[in-house]
Amino acid sequence: MRLSQFFLPTVKEEPADAVVASHKLMIRSGMIRQLTSGVYSYLPFGLRVFRKIEKVIREEMNAIGGEEFHLPALSPNELWAQTGRLDDYGDTIFRIKNRELVLAPTHEEVFTSIAKLNLISYKDLPKIWYQIQTKFRNEARPRSGVLRGRQFTMKDAYSFDSSWEGLDISYDKHAQAYRNIFTRCGLNFYVVTAFSGAMGGSDSEEFMVESDAGEDNIVVTENNSYCSNIEVAVSYAEKVERKNSNLQAEEFHTPNIKTIEELSKFVNTENDWTRLAKSRIFVNGDSYVLTLVCGDDEVSETKLQNIFGQNIRPGHPEELMEITGADAGSIGPLKITNDKITVVADLRLEDADELISGANKNDYHFRNIDFKRDVPSIKYYDIRTVKDGELTQDKKDKIRITKAIEVGHIFKLGTKYSEALGSTFLDEQGNSHPIIMGSYGIGVERIAAAHIEQNHDKFGIIWNGEIAPFDVVLICANTNNKKMFKQATGFYNKLKNSVDILYDDRVEVRAGIKFNDADLIGIPYQVIVSEKNLERGKIEVKERKTGKRYFIDSQNFLNNFLALLIAINVDKRVKKDSTFNPYEHNLSVKPNLYFHISSNHKKFQIEKRLWEILLGFRNKYILAESKFDEKNRIIGIEVDNQEILECKPSTLKALYRRTYHHDFKIILPK
RNA sequence: CGGAGCGUAGCGUAGCCCGGUAUCGCGCCAGUUUUGGGAACUGGAGGUCGCAGGUUCGAAUCCUGCCGUUCCGACCA
C-alpha cells in the first residue's frame, strides 16, 4: 500500500477527550474517530487491525469445527420476551421506536431459534456456530474509547450438545481456541474463573489482559496457580477463634458511632477489627438478608448473588430504618423484630463469640455476642471479598489483585435458552431433551485496545503478534532524490509480494515526519532508504520494538532483508506464497525460535503448558532443541543450551501443530 | 441515575470572574529556501464563540432552559 494513496490522518497533539493510552493512540494513529458517545468510525488503518484480529479468530474457530453465520442485528421484541431477557436487560438493550424490534446485544435467542427448527436429532449434534458481528448495548456510561462502546464488534459462538459431557468437550475446545487466539494476537493474558450466575450457567472463565485501563479486578498468583475474578475469588482466611468465655451479651451506648473505625477506637480494639461484626442489609424481593463479616472485611455482592439469586441488592440508606429499626452503623444480628430478615455470616465468623455488633437501635451496640448461642438460626457462607497479599486456600502462594481488561468470556450455559425457546432434540430412545448449550464471546476492538495498552511507548504503538496492520513500513526519506525514489519504489514493488508493506512515498513530506509517523503507527519493521545509506551502499532496517537498527547491503537487499525478518522474528511475517525461500539462505543472525522435531510420532494432542512457556521466550533470542532418550523418543526441550523443559512427545507434537498454524516453518532435521 | 467539569477555526487552546464583536500554537493554501527525527521566512484562507430564550445601547462573557461531551460513582454476559 502506498501511503500517498492511503487515508492515514495522524495527529500530533493529544486528543482532549481521551484518557487511557489506547484511546489516545488509536485516535493519534488514525485508527478511529468518535461519532458520538460510545460510537466510533473505523478508518482504514484501524479496520486493517480489526480485520487481522478477525482473521485469527476465524482460523481458530474454524479449527475447532466452528461454522460461521451472520445473523441480523435487528430482532423482534417477542423473541426476547420469551426468555425474559427483554426485562432482564432493561435499559441496556436498544429499542427501535417505530417497530417492535430491538438491536441485539447478543445472540443466544436468535441462534437458539435456528437450532430449534434444525437441530432436532442427537445425530445433528454437536454443533459449534459462530459469527463476527456488530453488537449494540446502551451502556450507561461508555468510556475509554473502544474499551466500552455502545456499538462494537463481537465474535459470539454457541455450542449445542446432547450431553453434559459433550458440553464439557465443546467448552474445552473453546478454552484452547481462545488461548491460541489471544496468544497469536500478541497479548499477555490470564484465564480466570468467573461469575456465571447472571447467564444461568455453571462453569465460566474470563480471558483477562492486565492493565490499569481495565474495569475488572482479578486475583492472580506469581506462578498462575490460582487465577480468579475477584467477584468469586477465595483465599485462606483465618477463622475468628472461639473463646468460650460464655459472657452474657449486653447492650451498651455508642453515641455517634457509625463506622467500624470509630467503633474500634471506642472499644479500644484499634489493631484488631475481626470481632467487630459488620452488618449490612440486602433486599431480595420481598425478604431481606442481614450479612455479617469481620470488621476488616467487605461483603461480596457477587457471592451473595450466587447464594440468593441475581436480584439481591444492597438496601438503600433510607430503607434501613424501616427494615431494622436503625440506620447504617447500628444494625446487628440481635433483637431482630422483622421476621423477613435472614441472618448470614461469613465463614470466618463461624461459631464465633465475644463479638460486637449493632443493636438495631441508633447509637447502641451489643458486646459479647455469641453466634452459636445468641443467633441459632444463622447460616454461614463464604461471602467476603479477598484482599491483596492474602494466601491462597492451600496456603502455598500469595495472591495479588490487579486490574484487567476482559477480552473474552466462555460459559457453560446449560439449558436455560433451549428450554425457554423449546429447542429440543430426540435421543436414541426417541425421548425429547432440551439441547445443552455453551456461549463464548470475544471483543474484537477490545483485543486491539488491550494490545495497545500492553504494547506502547512515548513514541506510539508497538504492534506485535499477527495483528500488526502492516509488517513493514518502507520509508523513502526524500522523494526529491530521483535515484533514491526509484530504488525505494523498486523495493516496494518486489517486497509487496512477500510481506504486508506500507510504502511511505509521500512527496513534500520531510523525513522527520515520516520517521515519527512510522513510530506512532507502530509497524514492527521500518525499512529506510535515504541518501546517507545510499552513499554507503546500505539499506537500514529498524525494529520498532527495540529500536535496533540493521544495515543491509543494497545489492542483494530483498533476499537479505527477508532472511533478516526470518532470523529476528521467525518467518511468520513472510507470506506462505512468497517467492522467497528462506532455507536457501545462510542466516547470520541466530533465530529466536528454532527447533528440531522428530517425525516419528503420529498421534498427539495439544498440551498448553509448554506452548505457554515457549511463548514466554518469544521475544528473546533463543535456540530450542528437542532432547531424546536412548530409544530416540523426545523427552524434553532445551532452550538456550541450558534450560531443559520436560515434556511429553505429544506436547512437542502439539507445538509442531501450533507453530504450523502460526505460519512458522518448523525446520525438520535432515 | 447521582456528583463534577467542559463546549470558542480541522486539532489543541486564551479570553469569561470584572460585558464593548475573539488570542495563540499546530494544521491548511500560495511562493522562496530547506530536506535524517514533527523546518524557516513572506503572504493568505478559515469562527452563526453548542442551541434557544432573557437582561443590556451592546453578550463568548451575566441569567434561565435545553443539547452534546468527558471524568468519578451507581450500573454492567
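Name every residue in region A:74-116 that is more than 11 Å from RNA strand B (Cβ to nearest atom), among the hydroxyl-bearing types (Ser, Thr, Tyr) and assigned to a helix (DSSP H, G or I), in order of residue number.
A:112, A:113
Can you find a residue that is within 30 Å of residue A:334 (Cβ to Cβ) and among the polar types (S, T, N, Q) anywhere in region A:199-219?
The answer is no, given that none of the residues of region A:199-219 is within 30 Å of residue A:334 (Cβ to Cβ) and among the polar types (S, T, N, Q).
Among (1) at pLDDT below 95; (2) surrounded by fewer than 19 Cβ atoms within 10 Å (Cβ to Cβ); (3) within 28 Å of residue A:502 (Cβ to Cβ), there is one condition residue A:134 misses while meeting the rest; what is its number?
Looking at each condition in turn, residue A:134 falls short on (1).
Pairs please, first residue from region A:496-519 and farther than 12 Å from residue A:8 by Cβ, second anywhere and of a type in the set (Asp, Glu) and within 15 Å of RNA strand B (Cβ to nearest atom), Cβ atoms under 9 Å, 6+ apart in sequence or on different chains.
Note: pairs meeting the criteria are A:519/A:457.
Tell me which residues, restricted to region A:386-416, are farther than 18 Å from residue A:210 by Cβ and away from RNA strand B (no atom under 16 Å from the Cβ).
Once the filter is applied, which keeps residues that are farther than 18 Å from residue A:210 by Cβ and away from RNA strand B (no atom under 16 Å from the Cβ), region A:386-416 yields A:387, A:390, A:391, A:392, A:393, A:394, A:395, A:396, A:415.
Select from region A:207-242 the residues that are open to solvent by 70 Å² or more (accessible area, probe 1.4 Å), more than 16 Å from RNA strand B (Cβ to nearest atom), within 22 Å of residue A:405 (Cβ to Cβ) and not polar (S, T, N, Q) and list them in ascending order.
Selection gives A:222 alone.
Does region A:514-530 hold any residues that are near RNA strand B (Cβ under 6 Å from one of its atoms) and either among the aromatic types (Phe, Trp, Tyr) or more than 34 Å from the chain's Cα centre (by Cα) (or both), and which are they?
A:515, A:528, A:530
Residues in region A:228-246: is at least one over 18 Å from residue A:274 (Cβ atoms) and assigned to a strand (DSSP E or B)?
Among the residues of region A:228-246, at least one is over 18 Å from residue A:274 (Cβ atoms) and assigned to a strand (DSSP E or B), which makes the answer yes.
Pull up region A:497-513, narrow it to residues that are within 34 Å of the chain's Cα centre (by Cα), of a type outside the set (Ser, Thr, Tyr) and open to solvent by less than 10 Å² (accessible area, probe 1.4 Å), then point me to the one that is nearest to residue A:476 (Cα to Cα).
Ranking the candidates gives A:502 first.
Only one of A:54, A:68, A:60, A:14 is more than 15 Å from RNA strand B (Cβ to nearest atom) and surrounded by fewer than 17 Cβ atoms within 10 Å (Cβ to Cβ); which?
Just one listed residue meets the conditions, A:68.
Give the residue, chosen from A:407, A:473, that is over 30 Å from residue A:114 (Cβ atoms) and open to solvent by less than 10 Å² (accessible area, probe 1.4 Å).
Of A:407, A:473, the one residue that is over 30 Å from residue A:114 (Cβ atoms) and open to solvent by less than 10 Å² (accessible area, probe 1.4 Å) is A:473.
Does residue A:493 qualify as being at pLDDT below 95, farther than 26 Å from residue A:186 by Cβ, near RNA strand B (Cβ under 10 Å from one of its atoms) and open to solvent by 10 Å² or more (accessible area, probe 1.4 Å)?
No: the conditions fail for residue A:493.
Inspect all residues belonging to region A:432-449 and state whether any of them is of a type in the set (Gly, Ala, Ser), away from RNA strand B (no atom under 16 Å from the Cβ) and assigned to a loop (DSSP other than H, G, I, E, B).
no
Quick one: in region A:533-547, which of the residues that are surrounded by fewer than 18 Cβ atoms within 10 Å (Cβ to Cβ) and in contact (Cβ under 8 Å) with a residue 24 or more places away in the chain is farthest from RNA strand B (Cβ to nearest atom)?
The qualifying residue farthest from RNA strand B (Cβ to nearest atom) is A:545.
How many residues are away from RNA strand B (no atom under 16 Å from the Cβ) and assigned to a helix (DSSP H, G or I) when one looks only at region A:145-181?
11
Which ones in region A:148-180 are under 19 Å from residue A:53 (Cβ atoms), modelled with pLDDT of 95 or more and either of a type in the set (A, V, I, L, M, F, W, C) or not assigned by TED's automatic domain parsing to the domain that holds residue A:71 (or both)?
A:152, A:154, A:157
I'd like the full set of residues that are acidic (Asp, Glu) and either within 16 Å of residue A:482 (Cβ to Cβ) or near RNA strand B (Cβ under 7 Å from one of its atoms) (or both), limited to region A:497-513.
Across region A:497-513, the qualifying residues are A:505, A:508.
The values are calculated or read from the model by the stated rules, or taken from the named source; none is laboratory data. What you see is a predicted model; the values in this text were computed from it and never measured. We place every Cβ from the backbone using ideal geometry, glycine too, and count neighbours over all the protein chains shown. Note: areas computed on protein heavy atoms with side chains; ligands, DNA, RNA excluded. Shrake-Rupley method; radii C 1.70, N 1.55, O 1.52, S 1.80 Å.
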